[in-house]
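*Asks:* For reference, the structure I am asking about is given below.
Every number in this text was worked out from the coordinates using simple rules, so none of it is lab data. Quick caveat: nothing in here was measured; it's all calculated off a predicted structure. Because the Cβ atoms are built from the backbone with ideal geometry, glycine has one as well, and the counts that use them run over all protein chains shown.
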Amino acid sequence: MTKFSDDFTITIGQHEVLVKLVDDVVKYSEYNPDQHLFGLFISDKLTIYIQKNLHTSLFKDTLLHETLHAIWFFSGATAIEAEHYTEEIIVSILTPWLMLFIRDNPEVLELYID
Ligand SMILES: [Zn+2]
């Protein structure tokens, strides 16, 4: 079980992203209805959906995974063609956004320190 039993928001740069705990994440996906998902970021809704009652380690993994999808979207990196990605470019894109995320979400980060 997670310490977060209700919906909450995280701050990513200028954006307040709602983290919504739901019974079935797939319902919110526009893609393959047969896939099994623990989490999903929907950019135009500024919402991360996460399956309710995940084990804490899976919840933490899923929250960070979807946060990175949100960062990737907000950074504009989706406009870069995949063949141009290098390790240095990816790390350089993610680093300042992760710095902001760490600075702006101390209550969420407590979950990762136990
Ligand atoms: Zn993903």
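*Asks:* Please list, ordered by chain and number, the residues whose modelled amide H lies under 5 Å from the amide H of residue 9; skip anything fewer than 5 residues away on the same chain.
*Replies:* Answer set, sorted by chain and number: 19.
*Asks:* Going by how many other beta carbons lie within 10 Å of each one, how would you line up 91, 108, fewest first? Before the final figure, lay out each step's value.
*Replies:* Values: 91 10, 108 21.
The fewest-first ordering by Cβ neighbours comes to 91, 108.
*Asks:* Calculate, in nm to one decimal, what residue 16 and residue 56 gain on full extension: separation in residues at 0.36 nm each, minus their alpha carbon distance. Mind showing how you got there, number by number?
*Replies:* Working: separation 40, 0.36 × 40 = 14.40 nm, distance 2.30 nm.
Gain in length upon complete extension: 12.1 nm.
*Asks:* In whole percent, what relative contact order does region 8-112 give with Cα contacts below 8 Å and a gap of six or more residues?
*Replies:* Numbers: 110 pairs, mean separation 27.9, N = 105.
That works out to 27 percent.
*Asks:* Right, something else. For the chain, modelled as a GNM with alpha-carbon contacts under 10 angstrom, which of 104, 44, 23 fluctuates the most?
*Replies:* 44
*Asks:* Still on this structure: What are the ³J(HN,Hα) values, in whole Hz, obtained from phi via the Karplus relation 6.51 cos²θ - 1.76 cosθ + 1.60 with θ = phi - 60°, for each residue of region 76-86 in sequence order, with x given for Gly and Pro?
*Replies:* x, 5, 5, 7, 7, 5, 3, 5, 8, 5, 10
*Asks:* I would also like to ask the following. Nothing charged except the Cβ atoms of Lys and Arg (+1) and of Asp and Glu (-1): what's the magnitude of the dipole of the chain about its Cα centre? Round to the nearest 20 debye. Before the final figure, lay out each step's value.
*Replies:* Working: 7 positive and 18 negative charges, 52 e Å.
So the dipole magnitude of the chain works out to roughly 240 debye.
*Asks:* Taking neighbour Cβ counts within 10 Å as the exposure measure, how do 67, 11 sort from fewest upward? The partial results should precede the final answer.
*Replies:* On the way: 67 22, 11 14.
Ascending number of Cβ neighbours within 10 Å: 11, 67.
*Asks:* Rounded to a whole number, what is D in µm²/s for the chain from Stokes-Einstein with the Kirkwood radius over alpha-carbon pairs (4 °C, 1.567 mPa s)?
*Replies:* D = 87 µm²/s.
*Asks:* May I pose another question? Check residue 22: other-chain or 5+ apart residues with amide H under 5 Å from its amide H, H built from backbone geometry?
*Replies:* Under 5 Å from the amide H of residue 22: 50, 51, 52.
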